[in-house]
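**Student:** What follows is a single structure, and I will ask about it in a moment.
The values are calculated or read from the model by the stated rules, or taken from the named source; none is laboratory data. Being a predicted model, the structure only gives us computed values, none of them experimental. Ideal geometry is used to build each Cβ from the backbone, glycine not excepted, and the neighbour counts take in all protein chains shown. Calculation scope for accessible area: heavy atoms of the full protein, side chains included, ligands and nucleic acids excluded. Shrake-Rupley method; radii C 1.70, N 1.55, O 1.52, S 1.80 Å.
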Amino acid sequence: MSHVARLTLVSHAMTDAMAVGRFPADEPLDDIGRRQAEAAARLDIGHVTQLAAPEQRAVQTAELLGLQAATDPRLTDLDCGRWRGTTLENVDHHDLRAWLTDPAQAPHGGESVVDLIGRVAGWLQSLTDNTVAVTHPAVIRAAILVALDGPPKSFWRIDIAPVGRTIMHLRGHRWTLRL
């Protein structure tokens, strides 16, 4: 028998770090982000598993969307290591270029894009029920690449908007992306 499940991934709302081009830390939503999430209103999700990444910005977005989400550490944002809280201008440009062009690199001492994709692939394999998850653009990009069997080098070419929704379906053992 083939298993069918629906996954709705919601990107957290805006933060000060996003507005100024700073690598994220565990910051809360800013005023714009709170308004974005409130404007998105409540999600019409029915009876599904409700999850959120453990960072403040994801938990606050979930709450403003009317979810009672449990946190799941597998939805944690891409670990930017020692770059956390730093602006792009204050990062060594050679290291930044290596990170942006080679998905196996992690010059910041955190997590590589390849490692993130592996983590998200494992999480996707564990899902068996209809689920809504509030998480980070990086996690959503990784999930899309897993669903499409896309190459990790395409990671940075996927744009995820604040409070954007991405819907995927599990049919049998394969994820499909719904646009």
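**Student:** Please count how many residues of region 110-130 are over 19 Å from residue 154 (Cα atoms), modelled with pLDDT of 95 or more and open to solvent by 10 Å² or more (accessible area, probe 1.4 Å).
**Tutor:** Residues flagged as over 19 Å from residue 154 (Cα atoms), modelled with pLDDT of 95 or more and open to solvent by 10 Å² or more (accessible area, probe 1.4 Å) within region 110-130 amount to 2.
**Student:** Only one of these is over 28 Å from residue 48 (Cβ atoms) and either surrounded by 15 or more Cβ atoms within 10 Å (Cβ to Cβ) or in contact (Cβ under 8 Å) with a residue 24 or more places away in the chain (or both): 104, 133, 143, 161. Name it.
**Tutor:** 104
**Student:** Restricting region 43-75 to residues that are polar (S, T, N, Q) and free of Cβ contacts under 8 Å to residues at least 60 places away in the same chain, which is least open to solvent (accessible area, probe 1.4 Å)?
**Tutor:** Among them, the one singled out is 60.
**Student:** Which condition breaks for residue 122 when tested against (1) in a helix (DSSP H, G or I); (2) out of contact with any Ser or Thr (no Cβ under 9 Å at 6 or more places or on another chain); (3) more than 25 Å from residue 56 (Cβ to Cβ)?
**Tutor:** Unmet condition: (3).
**Student:** In addition: Restricting to region 109-130, name every residue that is touching a residue at least 40 places away in the same chain (Cβ under 8 Å) and not polar (S, T, N, Q).
**Tutor:** If the condition is that a residue be touching a residue at least 40 places away in the same chain (Cβ under 8 Å) and not polar (S, T, N, Q), then 113, 119, 120, 122, 123, 124, 127, 129 are the ones that fit.
**Student:** Which residues, taken from region 164-179, are open to solvent by 60 Å² or more (accessible area, probe 1.4 Å) and of a type in the set (S, T, N, Q)?
**Tutor:** None; the set is empty.
**Student:** Which members of region 142-159 meet the condition of being in a helix (DSSP H, G or I) and touching a helix residue (DSSP H, G or I) at 6+ places or on another chain (Cβ under 7 Å)?
**Tutor:** Within region 142-159, 142, 143, 145, 146, 152, 154, 155, 156 meet the criteria.
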